[in-house]
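Asks: A single structure is presented below for examination.
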Amino acid sequence: MNSTQERKPFFARLVPNWTSLAGAILVGSSWFAFFLLFTLDFFAVVKSPYLGILTYLVAPFFFLAGALLMLVGKIRYRVHARHAVPGAPIRSFTIDISQPRHRKILLGFAFGAAAFLLITAVGSYETYHVTKSVQFCGQACHGPMEPQYVAYQNSPHARVECTACHIGPQAESFVKAKFNGLHQVYATAFNDFQRPIQLSGKIDINQQTCEQCHWPKRHIGNVERSYTHYLADETNTLFGVRLLLKVGGGDPTHGPAGGIHWHMNLANKIEYIATDEKQQVIPWVRFTEANGNVTEYRTAEFKDDPSQHKIRAMDCMTCHNRPAHHFRAPNDLVDLAMSLGNIDPTIPWIKSNVVASLIAPRATQSEGVDKIASDLKARYPSTPQIDTVIAAAQDIYKKSFFPEMKVDWRAYPNNIGHKEWPGCFRCHDGNHKTADGAKKIAASDCNACHTILAQGNGLELEKLNPKGHGFFYIDAPNEDFSCNNCHTGAFPKE
Ligand code: HEC
Ligand code: HEC
Ligand code: HEC
Ligand code: HEC
Ligand code: HEC
Ligand code: HEC
């Protein structure tokens, strides 16, 4: 080692030959790509978790490769220096533009580096767009997320990108999503995921997520909904219900605060404790009014100190938990196909036979589709319309049954109503009382949340009662509140 070498500028020491220079260019451009991707993603309105793979895996990989190349160059230089004839001057790495050979190499490097940078920039930007697209989320991990993707395509949010809901607007969820995206790639590659797939809870979908598009102050008022059902009897008797849902609104400046959307925590606050992961059991509820009044409700079985549990604030998700991936119950799907005429209601027992064929256990979706055809064909050998029925049943199956992922209507509770899942009755079941028992969360009035305008068959459905009918229970011996004790989504238990 001689003293002139010690005094060499930093860059010259770092880059003693062409190999190291190539490494340095690689290091430089991977930094460039990293910052480009990072900024793109940071300022994007809609974030992509998968971009993290590029930003935090691919860019660093090239960075390391470049660093390695620089090291190789350095070592080669050292070895060269050590084996040099004593006394002979050590050839230091200089680029001499007056030499034609150096000029050529340098020009090559300049072109190479420029092209590399351009490709990195364009490539990063393109990949960024691909990873944030709906197709990428739904199809790249084809197997595991297929059920959610199919359900989403048939939901009111089919035009909303996956990432709009799955990566919240907060910066914190941006970072979380990065790690979660990496985890998902790992999970898919190593087949390490639950069937049915569950949200990890690492990314919180909450009221802020929905409020990117939905204005919570909107006064919705009453919404009329008709439910058309067919009984599982020989004549497939029609049974319809017409409800006026009192959705109302939660903000007193835009309409009277009341009705179902009164819970939206605008003028008041509702908190609760759920004792299970899927939030189906809610034994404790606290209601804080705008004036500071606090009312605590609990079920008789719940004796714990609330502070030992996670206390959650009620928000959109407490009710609308399946806005994009609602796997509807076969009872409702067959009813819909019948009301549309895709399944002819005049075929004897067709309602119960189609439902039975849909819910039979199958190993794969294609097996299910084939068995539906052979099963219904065998039951109705001389019914000419049966081919249309089979096509309708198979369509239902393909959109709502995913045996490979163990997904159908049973996989995920839906909290919006109370027929197949506890839903509203998790709190409104008459068992949630104040400590003195004087007050309870309203329950028994069937016309509190909706008005039963009409129900039954044919002309009965025209007899509207603006004050609300008393519900007509079919086959149910008592007015048992827990509709979901009997109504499981396929055949009700008697
Ligand atoms: C309108 C908002 C919204 C959109 C858009 C959306 N999701 Fe979801 N997603 C949700 C909610 C809400 C849940 C359920 C959260 C819960 O139950 O805790 C969920 C759950 C999931 C789950 C976990 C399994 C399950 O069904 O609970 C997966 C996987 C998933 N979504 C994938 C996707 C994919 C892929 C897309 C785009 C094709 C997408 N989501 C679009 C809101 C959305
Ligand atoms: C990126 C925008 C966007 C986000 C985020 C979003 N929505 Fe929506 N949502 C829409 C649009 C647009 C519609 C109307 C679709 C139509 O009418 O065709 C809609 C419709 C709805 C409806 C009415 C559905 C029906 O059956 O008519 C509900 C309920 C709803 N959204 C709930 C939610 C909830 C809950 C969340 C949060 C998890 C959410 N939305 C997040 C854009 C969004
Ligand atoms: C004790 C069991 C039981 C309870 C509790 C019960 N039902 Fe039913 N329900 C039945 C049976 C059985 C039928 C007839 C089903 C058939 O023939 O397809 C039925 C039919 C219906 C139908 C029409 C058919 C259909 O497929 O939807 C509706 C709507 C309905 N019930 C709503 C409710 C509601 C809402 C509640 C709770 C307030 C409730 N039921 C509670 C047993 C019950
Ligand atoms: C207490 C339960 C509950 C909460 C909390 C709740 N909703 Fe609803 N919401 C309902 C019910 C029930 C309906 C009636 C229609 C239906 O079944 O979708 C409804 C209807 C809607 C509709 C459709 C209105 C229409 O024009 O048809 C939208 C949009 C909506 N809610 C958005 C939201 C948003 C956004 C939040 C959170 C800020 C929220 N909701 C909170 C229960 C709730
Ligand atoms: C986490 C518990 C909880 C759930 C789930 C819940 N509610 Fe409520 N609800 C309450 C509480 C608490 C009150 C206020 C009781 C009081 O007056 O002290 C209330 C009040 C109401 C009111 C009266 C509002 C007013 O104008 O004063 C309606 C209507 C209502 N709920 C409908 C529903 C519907 C529909 C659902 C399901 C989509 C539902 N709730 C789900 C806790 C809940
Ligand atoms: C806490 C509020 C609440 C109370 C109390 C309530 N309901 Fe409902 N009910 C709902 C909501 C919300 C829906 C709409 C769910 C959806 O389709 O979005 C619904 C839907 C229904 C449906 C149509 C379900 C279907 O799929 O056909 C029937 C029938 C019904 N309710 C009957 C009753 C009867 C009977 C009672 C009294 C025992 C009752 N409800 C009490 C909130 C309530």
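The values are calculated or read from the model by the stated rules, or taken from the named source; none is laboratory data. Note that the coordinates shown come from a computational prediction; the quantities given were computed from them, not determined experimentally. With ideal geometry, Cβ positions are generated from the backbone for all residues, glycine too; neighbour counts draw on all protein chains shown.
Asks: Does THR318 satisfy the criteria of being crowded, with 17+ Cβ neighbours inside 10 Å, among the polar types (S, T, N, Q) and in contact with a strand residue (DSSP E or B) (Cβ under 8 Å, 6 or more places away or on another chain)?
Replies: yes
Asks: Under 7 Å between Cβ atoms, at least 6 apart or on separate chains: pull out the pairs that start in the range 301-328 with a residue that is of a type in the set (Val, Ile, Thr) and end on any residue that is within 16 Å of ligand 3 (Cβ to nearest atom).
Replies: THR318/ASN415
Asks: For SER444, work out the one condition from (1) within 16 Å of ligand 1 (Cβ to nearest atom); (2) of a type in the set (Gly, Ala, Ser); (3) exposed (fewer than 15 other Cβ atoms within 10 Å of the Cβ) it doesn't fulfil.
Replies: Every listed condition holds for SER444 apart from (1).
Asks: Name the single residue, out of those in the range 448-471 being out of contact with any helix residue (DSSP H, G or I) (no Cβ under 9 Å at 6 or more places or on another chain) and within 12 Å of ligand 3 (Cβ to nearest atom), that is farthest from GLU271 (Cα to Cα).
Replies: ASN457
Asks: Only one residue in GLY143, GLY181 is modelled with pLDDT under 65 and outside the structural domain of PHE38 (by TED's automatic domain parsing). Which one?
Replies: The match here is GLY181.
Asks: Next question, about the same structure. Among the numbered criteria (1) at pLDDT below 85; (2) closer than 30 Å to LYS303 by Cβ; (3) surrounded by 12 or more Cβ atoms within 10 Å (Cβ to Cβ), which one does ASP480 miss?
Replies: That leaves (3) as the condition not met.
Asks: May I pose another question? Kindly list, by first and then second residue, each pair from a residue in the range 235-253 that is in the same structural domain as ILE474 (by TED's automatic domain parsing) to a residue that is basic (Lys, Arg), limited to pairs with Cβ atoms under 6 Å and residues at least 6 apart or on different chains.
Replies: Here the result reads ASN236/LYS351; LEU243/ARG225; LEU245/ARG225; ASP251/LYS217, each pair linking the range 235-253 to a residue that is basic (Lys, Arg).
Asks: To continue, here is another question. Of all residues in the range 194-222, which are hydrophobic (A, V, I, L, M, F, W, C) and either surrounded by fewer than 14 Cβ atoms within 10 Å (Cβ to Cβ) or in contact with a Phe, Trp or Tyr (Cβ under 6 Å, 6 or more places away or on another chain) (or both)?
Replies: Scanning the range 194-222 gives LEU199, CYS213, TRP215.
Asks: Something else about it: Any idea which of (1) touching a strand residue (DSSP E or B) at 6+ places or on another chain (Cβ under 9 Å); (2) within 16 Å of ligand 5 (Cβ to nearest atom); (3) of a type in the set (Lys, Arg) is the one LYS351 doesn't satisfy?
Replies: Unmet for LYS351, out of (1) touching a strand residue (DSSP E or B) at 6+ places or on another chain (Cβ under 9 Å); (2) within 16 Å of ligand 5 (Cβ to nearest atom); (3) of a type in the set (Lys, Arg): (2).
Asks: Something else about it: Looking at (1) under 24 Å from GLU420 (Cα atoms); (2) over 27 Å from the mean Cα position of the chain (by Cα); (3) surrounded by 17 or more Cβ atoms within 10 Å (Cβ to Cβ), which is the one condition that is false for PHE327?
Replies: (2)
Asks: Considering only residues of the range 256-283 that are touching a Pro at 6+ places or on another chain (Cβ under 7 Å) and within 24 Å of GLN198 (Cβ to Cβ), which is nearest to ligand 4 (Cβ to nearest atom)?
Replies: GLN280
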